[in-house]
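Peer 1: Before we start, here is the structure in question, set down as structure tokens.
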Number of protein chains: 2
Amino acid sequence: MQKSKQPIKVDKKTSARGRGRPRAFDREAALARATQLFWSKGYEATSIADLTEAMGIGPPSLYAAFGSKDALYAEALHHYRKHYEALVWDKFFAADTAREAVRSLLMDSAAALTGCLGDMPLGCMVTLSSVGSEGHSELGEQVRSARAATLDHLEIRLRQAMTNGEIPTSVDIHALARFVQTVQNGMSILARDGADRAELEDVARVAMLGWDARTDPAADA
Amino acid sequence: MQKSKQPIKVDKKTSARGRGRPRAFDREAALARATQLFWSKGYEATSIADLTEAMGIGPPSLYAAFGSKDALYAEALHHYRKHYEALVWDKFFAADTAREAVRSLLMDSAAALTGCLGDMPLGCMVTLSSVGSEGHSELGEQVRSARAATLDHLEIRLRQAMTNGEIPTSVDIHALARFVQTVQNGMSILARDGADRAELEDVARVAMLGWDARTDPAADA
DNA sequence: TAATTTTTGTAGCGAACGATGCAGAAATCA
DNA sequence: TGATTTCTGCATCGTTCGCTACAAAAATTA
């Protein structure tokens, strides 16, 4: 039971020149801790007591800074997407070809999902968050739209590759994007069950064989 | 916690003609409803009140018949595996070739996970059950072992195919089995997000292209 | 019928949940 | 410094959680 009671220095730069006592804890650092907690335990299984202990603050401070558990989760989701999604999407967006983009996405996912790219929980927070559809409909919708973003990125990149001639026009872009999305989603669950980076990389390589067969012009029927 | 109370001979058909009032509800039907509830909402999000309402009984009857929420979930998981897993594994075990076995598994999964094979919640109960690792370690272990069974089935069948000569000995059985497992897991999440049967079947077809490329003897390096 | 046995509905237990009231502590401004 | 403003720790709110004691109710046996 560590007590992270140390103050977490306040950033005087961002502290508004308001009168009265400024916030004594670093909001971003607290949000980062909450994010990791939600990430590893899920929304329902994470209690306010868990959060306040991890953030080193009391419940009133939490509610003053974030409003509610729902709002905190929403901010944590935003924090996650802002700070961690780049680990798997940077090379995707920088790749010259769609094939290399998808390969990078899956290989980097294999590394990120198994915690090999830093100190982070296993699996993808967005993929694994099965926020109950009961009573938290807005959060569920937010998570679902986050998952839909993955499909959008894939379809846009694939359609561009089709325009460029990298992919034959006969290919079903939507199906191929769905396939990649499926593999990435499945890898999160395997990572949670203890599969290591090498195993997921093997999975990514087999998946790329499916890509090659699907995008091979000679394979058209 | 869990005291082993009197065993409560529940098999009412085969139990000796007990004196006193017999159970007024169908245990199997109640278990089926509980299973669907756990399946669609998850363990934590399903309360005893939800269960008793869906089962049409009061809390004392629930606890007399099943012991605890944990035990009920364990029975529900067993009920699920007994009644629903056959929908996706029957053709797998009956197939003549490993390829047809895997193809059937994925295609039948596409149908079952989207609720096209009857009145059932979307996705796989085993795959989507992210039972928190906190406080419910035994349930988590049970679910994890259920997921491991999928990998076992796949590896056994693939190894058999390798012995039969269907698959080249150069193929990494473990990686290929992990790949199939990954696709099936990912399909559950897509199904939960609203993907329909045709989409998942397309995914399965693309995945099979990966299988073909991987098991093609000409592709050995 | 009465006696026996078991279930069921009601009502509520302690604990934990998400969320707050309050008063003192602390930092800024005058 | 004192005045003002805001945050923080403690205690607790009302609710819901999983779970159970209790006694009436119901079905079987005699």
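Peer 1: How much of the accessible area of chain A, probe 1.4 Å, is carbon plus sulfur, in whole percent? The partial results should precede the final answer.
Peer 2: Numbers: 5490 of 10760 Å².
Carbon plus sulfur share of accessible area: 51 percent.
Peer 1: Okay, moving on. When the helix-only estimate is applied to chain B (DSSP H runs of n ≥ 4, each -39,500 (n - 2.57), divided by the residue count), what is the mean residue ellipticity at 222 nm, nearest 500 deg cm²/dmol? The partial results should precede the final answer.
Peer 2: Numbers: 10 runs with 142 residues, N = 221.
Here the helix-only value at 222 nm equals -21000 deg cm²/dmol.
Peer 1: Under 28 Å between C-alpha atoms is the cut-off here; go through chain B and count lysine pairs that meet it, provided they're at least eight residues apart or on different chains.
Peer 2: Here the count comes out as 18.
Peer 1: Then there's this: Find the eigenvalues of the gyration tensor of the Cα atoms of region B:102-221, then list the square roots of 5 times those eigenvalues as equivalent ellipsoid semi-axes, largest first, in whole angstrom. Numbers along the way, then the final one.
Peer 2: Values: eigenvalues 151, 76, 23 Å².
After diagonalising the Cα gyration tensor, the semi-axes are 27, 20, 11 Å.
Peer 1: What relative contact order, as a whole-number percentage, does chain B give when Cα pairs under 8 Å and 6 or more residues apart are counted?
Peer 2: On the way: 196 pairs, mean separation 43.6, N = 221.
Here the relative contact order equals 20 percent.
Peer 1: Moving to a separate point now. Please give the FRET efficiency for B:His83 paired with A:Ala94, using the beta carbon to beta carbon distance and R0 = 51 Å, rounded to the nearest 0.05. Working shown, then result.
Peer 2: Working: r = 48 Å, r/R0 = 0.95.
After rounding, the FRET efficiency stands at 0.60.
Peer 1: Separate question: Got the B:Glu28 label distances to the other copies yet, label 7 Å along Cα→Cβ, in nm, shortest first?
Peer 2: Spacings between copies for this position, smallest first, are 6.1 nm.
Peer 1: Here is a follow-up. Sort shortest first the distances from B:Asp216 to its counterpart in every other copy, using label points 7 Å along the Cα-to-beta-carbon line, and give them in nm.
Peer 2: Those separations, rounded to one decimal, come out as 0.2 nm.
Peer 1: Would you please classify the overall shape of the protein assembly as shown from the alpha carbon gyration tensor, given that a ≥ b ≥ c denote the square roots of the eigenvalues, rounded means a/c under 1.5, and beyond that prolate means a/b larger than b/c while oblate covers the rest? Numbers along the way, then the final one.
Peer 2: Values: a/c = 2.09, a/b = 1.04, b/c = 2.01.
Taking the square roots of the gyration eigenvalues as a ≥ b ≥ c, the protein assembly as shown is oblate.
Peer 1: Is the shape of region A:65-140 best called rounded, prolate or oblate, per the rule: a/c under 1.5 gives rounded, else a/b larger than b/c gives prolate, else oblate, with a ≥ b ≥ c the square roots of the Cα gyration tensor eigenvalues?
Peer 2: Numbers: a/c = 2.31, a/b = 2.15, b/c = 1.08.
Prolate is the answer for region A:65-140, as a/c is 1.5 or above and a/b outweighs b/c.
Peer 1: Check each residue of region A:141-183 and keep those whose accessible area, probe 1.4 Å, is at least 50 Å² smaller with all protein chains in place than in the chain alone; give them in order of residue number.
Peer 2: Buried on complex formation: A:Arg178, A:Phe179, A:Thr182.
Peer 1: Residues of region B:188-205 that become at least 20 Å² less accessible with every protein chain present than in their own chain isolated, using 1.4 Å: which are they?
Peer 2: B:Ile189, B:Leu190, B:Asp193, B:Glu199, B:Asp202, B:Val203
Peer 1: Under a Cβ-only charge scheme (Lys and Arg +1, Asp and Glu -1), can you give me the dipole magnitude of the protein assembly as shown about the Cα centre, in debye to the nearest 20? Don't skip to the end; give the middle numbers.
Peer 2: Details: 54 positive and 58 negative charges, 447 e Å.
With Lys and Arg at +1 and Asp and Glu at -1, about 2140 debye.
Peer 1: Further, regarding this structure: Can you give me the accessible area per residue for chain B, using a 1.4 Å probe, in Å²? Working shown, then result.
Peer 2: On the way: 11060 Å² over 221 residues.
Heavy-atom SASA per residue in chain B reads 50 Å².
Peer 1: To the nearest 100 Å², how much accessible surface do chains B and A cover up together, summed over both, with a 1.4 Å probe?
Peer 2: Working: alone 12500 and 12220 Å², together 21820 Å².
Answer for the B-A pair: about 2900 Å² buried.
Peer 1: Suppose every K and R has +1 on its Cβ and every D and E has -1 on its Cβ; what is the size of the dipole of region B:104-219 about the Cα centre, in Debye to the nearest 20?
Peer 2: Numbers: 9 positive and 16 negative charges, 37 e Å.
The calculated dipole for region B:104-219 is roughly 180 debye.
The values are calculated or read from the model by the stated rules, or taken from the named source; none is laboratory data. All values reported here derive from a predicted model rather than from experimental measurement. Cβ: placed from backbone, ideal geometry, glycine included. Neighbour counts: every protein chain shown. With ligands, DNA and RNA removed, areas are computed over all heavy atoms of the protein, side chains included. Shrake-Rupley method; radii C 1.70, N 1.55, O 1.52, S 1.80 Å.
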